[in-house]
Amino acid sequence: MSHIDVAHPYFGVFAIFIFTFVAFGLTTFASRFVGRKLADKKTQKLKLAPYECGLAPTKQPNRISSQFYLMALLFILFDVEIIFMFPWAVDFKVLGWFGFVEMILFLMLLIVGFIYAWRKGALQWQSIK
């Protein structure tokens, strides 16, 4: 049998973490249960009618350009690479010339990737017709 050390400095943090996890689970379960019991599942003509003087709803094809995905992917890629520079900047004096050369190589790789994306037209916004 193991002994639980209540006097440990992090015991309170652990207890709050467990309480939060249980409370979140119970709240999520309760809201789903109550929402399913109280929801009106009948479809009526009034629900599908346009509000006041709005246009009648039409079903549009779900055509989302892949340009959104590509732009978000490039943003995340370059953003994460830039984040890698902060620890280097903090330890610049400790790393010395080795760290400087490593960062120059890293920046050259980043620039090559940026130029490649630019040449391929990944940064150009294309109009959807």
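The values are calculated or read from the model by the stated rules, or taken from the named source; none is laboratory data. Being a predicted model, the structure only gives us computed values, none of them experimental. In this analysis, Cβ positions are derived from the backbone assuming ideal geometry, glycine residues included, and neighbour counts consider all displayed protein chains. Please note that ligands, DNA and RNA were not included when accessible areas were found on the heavy atoms of the full protein model with its side chains. Shrake-Rupley method; radii C 1.70, N 1.55, O 1.52, S 1.80 Å.
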Problem - Within-14-Å neighbourhood charge of Phe29 [Cβ basis; K, R +1; D, E -1] - result: +3
Practice task
Step through the residues of the range 117-123 one at a time and calculate ³J(HN,Hα) from phi using the Karplus curve (6.51 cos²θ - 1.76 cosθ + 1.60, θ = phi - 60°), rounding each to whole Hz and writing x for Gly and Pro.
Solution key: 5, 5, 5, 6, x, 5, 9
Practice task
Could you check how much of the accessible area of the range 59-124 is carbon and sulfur, as a whole percent, using a 1.4 Å probe?
Solution key: 74 percent
Problem - Segments 68-74, 31-37 sorted - mean Cβ within 10 Å per residue, highest first - result: 68-74, 31-37
